[in-house]
1. Report the residue count in the stretch 120-162 for those that are more than 15 Å from the chain's Cα centre (by Cα) and either in a helix (DSSP H, G or I) or closer than 25 Å to residue 10 by Cα (or both).
2. Given the conditions (1) in contact (Cβ under 8 Å) with a residue 12 or more places away in the chain; (2) touching a Ser or Thr at 6+ places or on another chain (Cβ under 9 Å); (3) outside any strand (DSSP E or B), report the number of the one that residue 101 does not fulfil.
3. Would you please name the residue that is nearest to residue 114 (Cα to Cα), looking only at residues in the stretch 72-100 that are among the small types (Gly, Ala, Ser) and open to solvent by 70 Å² or more (accessible area, probe 1.4 Å)?
4. Regarding the stretch 120-128, can at least one residue be identified that is open to solvent by less than 60 Å² (accessible area, probe 1.4 Å) and touching a Pro at 6+ places or on another chain (Cβ under 8 Å)?
5. Is it the case that residue 136 is closer than 21 Å to residue 68 by Cβ, touching a residue at least 24 places away in the same chain (Cβ under 8 Å) and open to solvent by 40 Å² or more (accessible area, probe 1.4 Å)?
6. Looking at the stretch 31-79 only, could you name the residues that are within 8 Å of the ligand (Cβ to nearest atom), of a type in the set (Ser, Thr, Tyr) and closer than 18 Å to residue 157 by Cα?
Amino acid sequence: MKKVKIKNYPMVNPTPIVLAGADVNGKPNYTTIGAFGVVCTGPIFYISLKDTHFTTIGVRENGYFSVNIPSADMIQKTDYCGSVSGKAIDKSHLFSSFYNESGKAPMISECPMNFLCKVIQTVPMNGFEVFFGEIISTFVNEDCLTGDVPDPLKINPTLAMGLNYYNLGQPAGAVFKEGKKIDNNE
Ligand SMILES: Cc1cc2nc3c(=O)[nH]c(=O)nc-3n(C[C@H](O)[C@H](O)[C@H](O)COP(=O)(O)O)c2cc1C
C-alpha cells in the first residue's frame with residue numbers, strides 16, 4: 001500500500017474519553033479529556049489539562065483529581081462537559097457526586113468506574129499541565145464486574161479518534177495469547 005505523507009497531527013489511536021474531576025471553589029467541576037492514560041505498571045495515570053481550564057485550578061489547589069469513565073449512554077453530558085467551562089457554567093449539578101473517606105476530589109456516581117488520584121508530579125507542556133497521579137481509590141459498579149474484574153463491555157466506555165466518538169467493539173483476541181500462535185504455527 002502506498003503511504004501518503006500528511007501534516008503532523010497527533011491522531012494516533014482511539015482514546016478512551018474520561019471526565020476529570022476536581023473541586024473548584026468548594027464545588028465539583030468536571031471536564032472531558034482525551035489526553036489521559038497509563039504511564040507505567042504502577043498505579044499511576046496522567047491527565048493533560050490546558051492550564052486555563054477551570055478544572056486545572058482545582059487540581060493545582062487540592063493536589064488531587066478524579067478520573068471517571070462515562071458509559072456510552074452518557075455521551076451528551078460527556079460532550080457537554082468538554083464544550084462549556086465551569087468558569088461560565090456551574091457543572092456541579094450535572095451529576096451526583098461522591099467522595100471517598102479523604103474527601104479530596106469529587107467522583108461521578110453515574111459513571112461505572114471511578115479513580116481518585118493524588119498528584120505526584122506536574123509537567124508543564126505547551127500551555128497544558130500534565131498531572132501524574134497515583135491512584136488512591138478505585139470504584140466500579142458491581143454490575144460491571146465479571147467475577148472480580150471490571151468488564152469493558154459492561155462498562156461500555158466511549159472512545160474518540162479525530163472528531164468522532166465511537167463505541168467499543170467486540171473482543172478481537174486475547175492479550176499475550178494471540179502472538180503465541182505464531183510460535184505454535186496455529
Ligand atoms: C472529546 C473531548 C476531549 C477533550 N480533551 C481534552 C484534553 O485532553 N485536555 C484538555 O485540556 N481539554 C480537553 N478538552 C476540552 C475541555 O474539556 C473543555 O475546554 C472544557 O470546557 C474545560 O472545562 P473547565 O474549564 O470547566 O475545566 C476536550 C473536549 C472534548 C469534547
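The values are calculated or read from the model by the stated rules, or taken from the named source; none is laboratory data. Here the structure is a predicted model, which is why all the values come from computation and not from measurement. With ideal geometry, Cβ positions are generated from the backbone for all residues, glycine too; neighbour counts draw on all protein chains shown. Note: areas computed on protein heavy atoms with side chains; ligands, DNA, RNA excluded. Shrake-Rupley method; radii C 1.70, N 1.55, O 1.52, S 1.80 Å.
1. 15
2. Going through (1) in contact (Cβ under 8 Å) with a residue 12 or more places away in the chain; (2) touching a Ser or Thr at 6+ places or on another chain (Cβ under 9 Å); (3) outside any strand (DSSP E or B) one by one, residue 101 breaks only (1).
3. Step one: filter the stretch 72-100 for residues among the small types (Gly, Ala, Ser), giving 72, 82-83, 85-86, 88, 92, 96-97.
Imposing the further condition that a residue be open to solvent by 70 Å² or more (accessible area, probe 1.4 Å) reduces the set to 83, 88.
Details: 83: 21, 88: 26 Å.
Top of the filtered list is 83.
4. no
5. Details: closer than 21 Å to residue 68 by Cβ: yes; touching a residue at least 24 places away in the same chain (Cβ under 8 Å): yes; open to solvent by 40 Å² or more (accessible area, probe 1.4 Å): yes.
Judged against the criteria, residue 136 is a match.
6. Across the stretch 31-79, the qualifying residues are 31, 32, 78.
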